[in-house]
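See below for the structure under consideration.
The values are calculated or read from the model by the stated rules, or taken from the named source; none is laboratory data. The structure presented is a predicted model; accordingly, all values stated were derived computationally and were not measured. Positions of Cβ are generated from backbone atoms using ideal geometry, with glycine treated the same way; all protein chains shown enter the neighbour counts.
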Amino acid sequence: MELKELLAKNVGKINEFIFSFLPSSHSIREIDLLYKMLREYPSRPKKGLRSTLCLLCCEAFGGSFNLALPTASALEIFQNWILIHDDIEDESEMRRGRPTLHKMYNLALALNAGDALHAKMWELLFKNREILGEKKTLDILEEMAHMVNETTEGQNMELGWVYKNRWDLDYEDYFLMVEKKTSWYTCITPLRLGAMIADAEEKKIEGMINFGKDLGIAFQIRDDILNLISYAKYGKEWIGDLFEGKRTLQLIHLIKNCDNKEKRKIVEIMRKPREEKTQEEVLYVFNLMKSYGSIDFASLKAQDYSKRAKKEFYEIFGDLSQSEAKRYLEEIVDFMVSREW
């Protein structure tokens, strides 16, 4: 089975589990609408990378797919409620090929739906007591709480840069923000949870932090690049990051390397609210990125982090028995930096 087929298979099982857990209808019309909104993002096409990392890591350490399934599903619910909030905070217009939830309805309804999904995530995690016992369930809850803290700190770094209109950022600022905002919930925590459920040794679980950090940074850089080069498969608004004023690695590189006149114009454009930016202005910044090699620079950095993650993968998983789960995990490391969707 190809990796893409495995991801699709796992997404099917995760969807089945999530939709059997989430409420589907209610006699009160307004609550029925809430339940419809809860299922909107989970029903859209997705890669299922986070849940698959959890499932594969558990299996690679000799654990059971079914024992990890509720936790993997909770990770997908986390992904969906935080995306609802993220789309509101970034004023995004598209998500997974369709309008964002707040564009379909309004800000207040979308925010409330995100809150409701957040609560459902914790509710699902508590159900682990039935199959994993009290102690392991509490360990998983603690791990998830740490992940939420890291993610919201990273998100606040990024939002704070926008709030303060900061453009004096260095590459290390970006890498730290991504480590917190992306690496913890995309890679570190899914890997650690899978290993914890399988009773992996503590040394291996701790090793997931550096491995997942580097893998997550490679993933996010690639995601930022796809926003500029691959709208059709990517499913988000093309060059939406530039309209939103996101401080991506390629934008930081451009500001560091362009001349003073260009820098003043770039910052003037990027400081504008989304609704005041014109297509012509955003394309000016995009074309400068290409001419200064900023996208190529970001691609090379993504490859560097991917290579580091590959080395760390072998240090953690190298002495484990060969298995399909282990092979797929290795493929995901490569996929994170080479994907087109």
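Residue by residue through the range 41-74, note down the ones that are in contact with a strand residue (DSSP E or B) (Cβ under 9 Å, 6 or more places away or on another chain) and surrounded by fewer than 22 Cβ atoms within 10 Å (Cβ to Cβ).
Once the filter is applied, which keeps residues that are in contact with a strand residue (DSSP E or B) (Cβ under 9 Å, 6 or more places away or on another chain) and surrounded by fewer than 22 Cβ atoms within 10 Å (Cβ to Cβ), the range 41-74 yields only R44.
What helices (runs of 4 or more DSSP H) completely inside the range 247-330 contain at least 1 residues that are closer than 30 Å to E2 by Cα?
Output list reads 294-317.
Determine whether the range 211-230 contains at least one residue that is under 12 Å from I316 (Cα atoms), under 19 Å from the mean Cα position of the chain (by Cα) and crowded, with 24+ Cβ neighbours inside 10 Å.
For the range 211-230, residues under 12 Å from I316 (Cα atoms), under 19 Å from the mean Cα position of the chain (by Cα) and crowded, with 24+ Cβ neighbours inside 10 Å: present.
Got a sec? Which helices (runs of 4 or more DSSP H) wholly within the range 34-105 have at least 3 residues that are within 15 Å of the chain's Cα centre (by Cα), modelled with pLDDT of 95 or more and under 26 Å from E153 (Cα atoms)?
49-60, 65-90
Is it true that N66 is on the phi > 0 side of the Ramachandran plot and either of a type in the set (S, T, N, Q) or in contact with a helix residue (DSSP H, G or I) (Cβ under 7 Å, 6 or more places away or on another chain) (or both)?
no
Could you go through the range 175-193 and let me know if any residue there is surrounded by fewer than 20 Cβ atoms within 10 Å (Cβ to Cβ), touching a helix residue (DSSP H, G or I) at 6+ places or on another chain (Cβ under 9 Å) and part of a helix (DSSP H, G or I).
yes
Under 7 Å between Cβ atoms, which residue pairs at least 6 apart in sequence (or on different chains) link something in the range 237-253 that is among the aromatic types (F, W, Y) with a partner that is not in a loop (DSSP other than H, G, I, E, B)?
The qualifying pairs are W238/Y231; F243/R274; F243/V282.
Run V162 past the list (1) modelled with pLDDT under 95; (2) in contact with an Asp or Glu (Cβ under 8 Å, 6 or more places away or on another chain); (3) among the β-branched types (V, I, T) and report the number of the one that doesn't hold.
Looking at each condition in turn, V162 falls short on (2).
Among the listed residues E30, E93, identify the single one that is charged (D, E, K, R), touching a residue at least 60 places away in the same chain (Cβ under 8 Å), farther than 30 Å from A195 by Cβ and surrounded by fewer than 22 Cβ atoms within 10 Å (Cβ to Cβ).
E93
Scan the range 71-84 and report the pairs whose first residue is free of Cβ contacts under 8 Å to residues at least 40 places away in the same chain and whose second residue is of a type in the set (F, W, Y) and buried (at least 24 other Cβ atoms within 10 Å of the Cβ), with Cβ atoms within less than 8 Å and a gap of 6+ or a chain change.
N80/Y41
Select, from I266, I295, the only residue that is crowded, with 19+ Cβ neighbours inside 10 Å, farther than 21 Å from D223 by Cα and β-branched (V, I, T).
It is I266.
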